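The next block holds one structure in the form of structure tokens; read it before the comments.
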């Protein structure tokens with residue numbers, strides 16, 4: 001598997017080019033992937049962060065062919081470059097408005113609001129929006145119908161699991177959105193971070209199993225003690241380096257909120273216990 005190099009245009013499937021932003025990190029892996037779809041006319045899936053070199057790389061790649069800029073969601077590593085690209089190319093922006101939870105691109109302003117099942121078409125390409133809340137309430141995946149390729153944003157990442165951050169992130173919704181992908185005939189997944197995934201349903205099942213196994217660890221921790229998020233993360237995420245426990249606490253909170261909604265856990269003040 002080749003190393004992902006930021007700024008380099010790579011053909012990853014017929015009619016699909018990946019350009020990765022120079023924003024590698026713990027949360028972003030090798031960087032945020034932007035995908036150009038089509039040939040005579042183009043659709044861009046996830047413009048990425050507002051980094052000048054990344055924006056210029058996309059402008060150089062699209063020329064006068066860009067018609068649509070689609071955002072999977074409005075976290076700050078995925079949508080902020082949209083406005084600059086619209087100004088440079090005249091392409092329209094589509095996606096869903098964001099919640100104001102302090103983690104969003106507050107300048108995101110779509111020309112078209114997309115609902116579940118809505119399609120965007122250019123010459124020879126149709127991308128259909130699939131509403132997949134969980135990582136973010138406004139998260140959309142885009143299904144390239146002609147290739148059966150699903151652009152997953154942060155719904156599925158290659159080589160890692162995504163963080164679910166309440167209040168906008170919702171573990172119940174995330175698991176339901178994952179299960180929905182099993183009903184779709186998909187040839188491959190094009191994630192927002194990492195390489196294409198050629199075994200889409202196996203990967204989705206792996207993610208569901210991982211989340212449910214983590215849920216069992218959370219229940220096991222609650223069976224040992226009641227406690228705060230700080231107390232419980234040490235027990236429920238004992239297989240994760242303490243360096244990222246501050247991030248793991250977000251997903252832990254999402255698991256606890258799911259368990260509370262199901263009547264299996266309860267919160268009193270800042271302490272959690274079994275119901």
Roughly how many Å is it from the Cα centre of the stretch 195-240 to that of the stretch 152-168, as a whole number? 13
Does the stretch 214-274 come out rounded, prolate or oblate, given a ≥ b ≥ c as the square roots of the eigenvalues of its C-alpha gyration tensor, rounded meaning a/c under 1.5 and, failing that, prolate meaning a/b above b/c? prolate
Compare 133, 191, 22 in a GNM of the chain, Cα atoms joined below 10 Å, and give the one with the largest fluctuation. 22
Does anyone have the angle between helix 200-224 and the longest principal axis of the chain? Alpha-carbon axes, 0 to 90°, nearest 10? 20
Among the DSSP beta bridges whose two residues both lie in the stretch 10-198, what percent are antiparallel, rounded to the nearest 5? 70
Binning at 5 angstrom from zero up to the longest distance, how are the C-alpha pair distances of the chain distributed in percent? 1, 6, 13, 17, 18, 16, 11, 8, 5, 3, 1, 0, 0
Among 254, 176, 50, whose mean-square fluctuation peaks in a Gaussian network model of the chain (Cα, cutoff 10 Å)? 176
Which whole-angstrom value gives the distance between the alpha carbon centres of the stretch 23-49 and the stretch 72-112? 13
Relative contact order of the chain, please, whole-number percent, based on alpha carbon pairs below 8 angstrom and at least 6 residues apart. 12
Nearest-ten-degree value, helix 245-261 long axis tilted from longest Cα axis of the chain: 70
Sorted by Cβ density within 10 Å, fewest first, the residues 2, 262: 2, 262
If one builds a Gaussian network model of the chain from Cα atoms under 10 Å apart, the most fluctuating residue listed among 106, 97, 216 is 216
Under a plain spin-label model, where a point goes 7 Å from the Cα along Cα-to-Cβ, how far apart in nm are residue 270 and residue 99? 2.1
Principal axis extents for the stretch 28-147, Cα atoms only, whole Å, descending order, please. 38, 33, 28
Degrees separating the helix 171-181 axis from the principal Cα axis of the chain, which is the longest one: 50
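Here, each number is a calculation from the coordinates, and none is a lab measurement. It should be emphasised that the depicted structure is a prediction, and the values quoted were computed from it without experimental measurement. Note: ideal-geometry Cβ built from the backbone for every residue, glycine included; neighbour counts use all protein chains shown.
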